């Protein structure tokens with residue numbers, strides 16, 4: 001491929017898929033490749049799968065301007081050691097240093113939680129354009145969030161600010177992989193929705209996609225699991241809105257693409273729990289940048305820091 005516009009090498013690492021692509025400085029995704037995240041506890045198998053993917057992409061544009069990386073959290077930031085809850089093979093894995101040595105050289109490289117990357121991308125190019133106070137949420141294999149307040153990305157003391165997935169929405173609820181109990185992620189992430197549907201009697205495809213199809217067809221167990229998830233997200237957003245005085249919440253990720261089975265209970269729960277007028281003003285909308293928004297977000301991290 002002959003590219004005539006400046007590009008950023010973007011990398012998006014999630015519990016279900018690995019993605020890499022070339023993103024123009026105006027946010028256009030020029031090319032990309034994806035593959036399934038290996039199910040393994042071997043850190044080097046994961047690393048090799050990622051580098052095989054990125055090597056294929058970099059062959060198309062050896063002159064990229066910088067490297068942006070979004071990865072599931074938590075992570076040590078800005079040093080970039082990652083321990084994604086939904087990738088058990090990486091614990092304190094030195095992802096930033098490994099990527100810097102292999103791909104960045106003297107070019108800028110930025111890493112952050114994937115949901116923070118989504119928030120930055122939606123703020124720059126998507127549903128959050130012109131908004132000064134917003135929360136971006138990813139509801140997929142995991143649940144994460146990223147905050148933009150007063151027009152600026154909020155990192156927090158360790159880079160994990162906005163991690164709404166580990167807000168407690170069910171005190172004393174089920175144990176979460178993070179070590180807590182009753183976390184939003186343990187209710188709303190795709191595998192948790194499927195597990196709850198099976199517990200209620202769902203006999204169909206035991207994936208988030210399969211349960212979503214069952215819920216849309218009216219299966220009571222599948223519908224109850226999605227209703228529970230949507231309400232948990234809406235409740236968490238009401239609390240986050242009260243804390244941060246938000247104008248907008250943008251939601252991306254596979255579960256957010258499930259339609260009314262997710263969005264109707266979400267909006268209902270938000271309305272029930274958003275008591276203060278300033279909280280009620282907050283709009284909740286789907287992400288605009290689509291399935292591969294993680295790549296746009298990774299690129300936006302570089303631009304956010306460089307510019």
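The values are calculated or read from the model by the stated rules, or taken from the named source; none is laboratory data. On a predicted model such as this, the values are computed, not experimentally measured, just so you know. Backbone-built Cβ (ideal geometry, glycine too); neighbour counts: all protein chains shown.
Conditions tested, residue by residue: (1) closer than 13 Å to residue 287 by Cβ; (2) more than 15 Å from the chain's Cα centre (by Cα); (3) not assigned by TED's automatic domain parsing to the domain that holds residue 247.
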residue	(1), (2), (3)
122	yes, no, yes
137	yes, no, no
140	yes, no, no
147	no, no, no
154	no, yes, no
163	no, no, no
166	no, no, no
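For the stretch 177-189, the set of residues classified as surrounded by fewer than 21 Cβ atoms within 10 Å (Cβ to Cβ) and in contact with a strand residue (DSSP E or B) (Cβ under 8 Å, 6 or more places away or on another chain) consists of 180, 181, 182, listed by residue number. Give me the residue from the stretch 190-228 that is under 20 Å from the mean Cα position of the chain (by Cα) and buried (at least 21 other Cβ atoms within 10 Å of the Cβ) and, out of that set, farthest from residue 73 (Cα to Cα). Once the filter is applied, the top-ranked residue is 212. Restricted to helices (runs of 4 or more DSSP H) entirely inside the stretch 258-307, those with at least 2 residues that are modelled with pLDDT of 95 or more and farther than 17 Å from residue 114 by Cβ are 260-273, 277-280. For the stretch 236-257, residues that are buried (at least 21 other Cβ atoms within 10 Å of the Cβ), part of a loop (DSSP other than H, G, I, E, B) and at pLDDT below 95 total 1.
Each row is one residue, and each column tells you yes or no for (1) assigned by TED's automatic domain parsing to the domain that holds residue 302; (2) touching a helix residue (DSSP H, G or I) at 6+ places or on another chain (Cβ under 8 Å); (3) within 18 Å of residue 177 (Cβ to Cβ); (4) surrounded by fewer than 19 Cβ atoms within 10 Å (Cβ to Cβ).
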site	(1), (2), (3), (4)
49	yes, no, no, yes
60	yes, no, no, yes
67	yes, yes, no, no
85	yes, yes, yes, no
102	yes, yes, no, yes
